[in-house]
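J.: Below are the structure tokens for one structure; questions will follow.
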Amino acid sequence: MSYQNEDIARAADVLLARVDTLDDKAAILRAPELGALYAQIRTLPNEVKSSFGAELNALKTELQARVEAAADAAVELPLIDVTAPMDANAPRPSLLPNEQGSTHPLTQEMERIVEIFGRMGFVAEESRELDDQFHMFESVNFPKGHPARDDYDTFMTVETDGASDPFIAPAHTSTMQNRTLVKYRDQLERGEAIAAIVPDRCFRNEDLDARHEHTFYQVEGIYVAKGVHAGMLIATLQEFLQSYYGQELDVRVNPFYFPFTEPSFEFALSCPFCKGTDAACKICSGEGWIELLGCGMIHPNVLRMAGVDPAIYTGFAFGCGIDRLVMMKYGVEDVRHFESAKLDFLEQF
Ligand code: PHE
């Protein structure tokens, strides 16, 4: 870096040369030359004070960078041979010798969900962890400026130039509706239904509590054919939930609103912890029901945008929170346990 002010330029030459010779490199930041230059600021005419100060700070930053680079270079990392046989006597703070890890509970449950839907004829698709505005919003019928966009507390990069498309961490698995419909739409002409699920990770900028995590899992379901109606949606979900929980369950279907389904419904299960008797219940907040999923008949605009003719085909979609499904199965009181990396919790599964 070249400095305009002569005094600073001179000090830069001297100090940058000296730093290489010092054992204690940080001592350069206490060099008397630097202190003298800072003291000089007071004596300067007002017009030059700020440019002088800025250059002096730049010099200090440059010196600091040298000090840090030297410190980084000095750290020697021990070599670890990851292929070496395990030493059973080595201290292991968290895992006992010879103990093996296991599949995370959410992964185990996702595999079970994929298997149940697989038996019902649904193929599984993967989502992605970075997506774009079109798939998060437009393709599922949230035009620009749609107020429901705010309901999704979406993490996205800031558009600095106002023109480029921000990166979006998907706030629901519905981001995959358009891609899935486009991928399989040829099947419709052959008289086959589109039947797909998307179990994957979602992200929302939420206030965290026992029921809300910034990172969570959903399974999206998409079914399109000729003559699909809401009764088929409800029957499919009931079949899935009974198979997953291995028992008959109380479910409640209420009207709801999503831009991408019409009509839309909210599916709730009765609270297995308090059955609605505890006003302070941590799981259902005393409501007696736990909203498990949103669903509905796919909006004609969503079909149209994916090149599927809504005059010929209809379909249903649902999006179910996997964490909540699993919490209710095992009586997990706090969703944050899943990502907490606590072995005593994970080992129960
Ligand atoms: N994507 C919605 C959500 O996360 C759920 C949903 C999916 C609703 C599909 C209807 C159809 O809130």
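The values are calculated or read from the model by the stated rules, or taken from the named source; none is laboratory data. Every value quoted in this text rests on a predicted model; they were computed, and no experiment measured them. Neighbour counts are summed over all protein chains in view; Cβ atoms, including those assigned to glycine, are modelled from backbone coordinates with ideal geometry.
J.: For the stretch 295-349, name all the residues that are closer than 30 Å to residue 281 by Cα and within 14 Å of the ligand (Cβ to nearest atom).
T.: Here is the first cut: in the stretch 295-349, the residues closer than 30 Å to residue 281 by Cα are 295-296, 318-349.
Those that are closer than 30 Å to residue 281 by Cα and within 14 Å of the ligand (Cβ to nearest atom): 295, 296, 318, 319, 320, 321, 322, 323, 324, 325.
J.: Looking only at the stretch 19-54, which residues are closer than 24 Å to residue 70 by Cβ, more than 48 Å from the chain's Cα centre (by Cα) and surrounded by 13 or more Cβ atoms within 10 Å (Cβ to Cβ)?
T.: Correct list: 33, 37.
J.: Would it be correct to say that residue 185 is surrounded by fewer than 21 Cβ atoms within 10 Å (Cβ to Cβ) and under 14 Å from residue 126 (Cα atoms)?
T.: Numbers: surrounded by fewer than 21 Cβ atoms within 10 Å (Cβ to Cβ): yes; under 14 Å from residue 126 (Cα atoms): no.
Answer is no for this residue.
J.: Return the residues of the stretch 148-178 that are more than 12 Å from the ligand (Cβ to nearest atom), under 24 Å from residue 295 (Cβ atoms) and among the small types (Gly, Ala, Ser); say none if nothing qualifies. Give the steps one after another, and end with the answer.
T.: We begin by selecting, within the stretch 148-178, every residue more than 12 Å from the ligand (Cβ to nearest atom); these are 149-150, 155-169, 178.
With the extra rule that they be under 24 Å from residue 295 (Cβ atoms), the set shrinks to 149-150, 168-169, 178.
Scanning the stretch 148-178 gives a single hit, 169.
J.: Against the condition more than 16 Å from residue 333 (Cα to Cα) and within 24 Å of the chain's Cα centre (by Cα), how does residue 240 come out, does it pass?
T.: Details: more than 16 Å from residue 333 (Cα to Cα): yes; within 24 Å of the chain's Cα centre (by Cα): no.
In short, no.
J.: Do we have residue 288 as touching a Leu at 6+ places or on another chain (Cβ under 9 Å) and of a type outside the set (Asp, Glu) here?
T.: Details: touching a Leu at 6+ places or on another chain (Cβ under 9 Å): no; of a type outside the set (Asp, Glu): yes.
No, not satisfied.
J.: Go through 62, 33 for me and flag whichever is out of contact with any helix residue (DSSP H, G or I) (no Cβ under 6 Å at 6 or more places or on another chain) and more than 30 Å from residue 346 (Cβ to Cβ). I'd like the intermediate steps shown before the answer.
T.: Numbers: 33 fails: out of contact with any helix residue (DSSP H, G or I) (no Cβ under 6 Å at 6 or more places or on another chain).
So the residue among 62, 33 that is out of contact with any helix residue (DSSP H, G or I) (no Cβ under 6 Å at 6 or more places or on another chain) and more than 30 Å from residue 346 (Cβ to Cβ) is 62.
J.: Which pairs turn up if I take residues in the stretch 309-329 that are basic (Lys, Arg) and look for partners that are within 12 Å of the ligand (Cβ to nearest atom) and part of a helix (DSSP H, G or I) with beta carbon separation below 9 Å, at least 6 apart in sequence or on another chain?
T.: If the second residue must be within 12 Å of the ligand (Cβ to nearest atom) and part of a helix (DSSP H, G or I), no pairs are left.
J.: Also, quick follow-up: Against the definition (modelled with pLDDT of 95 or more and in the same structural domain as residue 286 (by TED's automatic domain parsing)), how does residue 260 come out, yes or no?
T.: When the stated conditions are applied, residue 260 passes them.
J.: OK, next. Against the definition (in contact with a helix residue (DSSP H, G or I) (Cβ under 6 Å, 6 or more places away or on another chain) and either within 13 Å of the ligand (Cβ to nearest atom) or assigned by TED's automatic domain parsing to the domain that holds residue 189 (or both)), how does residue 278 come out, yes or no?
T.: On the way: in contact with a helix residue (DSSP H, G or I) (Cβ under 6 Å, 6 or more places away or on another chain): no; either within 13 Å of the ligand (Cβ to nearest atom) or assigned by TED's automatic domain parsing to the domain that holds residue 189 (or both): yes.
When the stated conditions are applied, residue 278 does not pass them.
J.: Do we have any residue at all in the stretch 179-189 that's assigned to a loop (DSSP other than H, G, I, E, B), away from the ligand (no atom under 13 Å from the Cβ) and assigned by TED's automatic domain parsing to the domain that holds residue 300? Working first, answer last.
T.: We begin by selecting, within the stretch 179-189, every residue assigned to a loop (DSSP other than H, G, I, E, B); these are none.
No - not one qualifying residue is present in the stretch 179-189.
J.: Out of all the residues in the stretch 109-133, which are part of a helix (DSSP H, G or I) and at pLDDT below 95? Talk me through it step by step, then tell me what you get.
T.: Step one: of the stretch 109-133, the residues part of a helix (DSSP H, G or I) are 109-119, 133.
133, the sole residue that qualifies.
J.: Confirm whether residue 223 is of a type outside the set (Val, Ile, Thr), buried (at least 21 other Cβ atoms within 10 Å of the Cβ) and outside any loop (DSSP other than H, G, I, E, B).
T.: On the way: of a type outside the set (Val, Ile, Thr): yes; buried (at least 21 other Cβ atoms within 10 Å of the Cβ): yes; outside any loop (DSSP other than H, G, I, E, B): yes.
Considered against the rule, which asks whether it is of a type outside the set (Val, Ile, Thr), buried (at least 21 other Cβ atoms within 10 Å of the Cβ) and outside any loop (DSSP other than H, G, I, E, B), residue 223 comes out as yes.
J.: If you check 327, 297, which single one turns out to be of a type outside the set (Val, Ile, Thr), more than 24 Å from residue 212 (Cβ to Cβ) and in the same structural domain as residue 192 (by TED's automatic domain parsing)?
T.: Working: 327 fails: more than 24 Å from residue 212 (Cβ to Cβ).
Of the residues listed, the single one that is of a type outside the set (Val, Ile, Thr), more than 24 Å from residue 212 (Cβ to Cβ) and in the same structural domain as residue 192 (by TED's automatic domain parsing) is 297.
J.: In the list 199, 170, which residue meets the criterion of being surrounded by 12 or more Cβ atoms within 10 Å (Cβ to Cβ) and either in contact (Cβ under 8 Å) with a residue 60 or more places away in the chain or more than 16 Å from residue 319 (Cα to Cα) (or both)? I'd like the intermediate steps shown before the answer.
T.: Numbers: 170 fails: either in contact (Cβ under 8 Å) with a residue 60 or more places away in the chain or more than 16 Å from residue 319 (Cα to Cα) (or both).
199 is the lone residue from the list that is surrounded by 12 or more Cβ atoms within 10 Å (Cβ to Cβ) and either in contact (Cβ under 8 Å) with a residue 60 or more places away in the chain or more than 16 Å from residue 319 (Cα to Cα) (or both).
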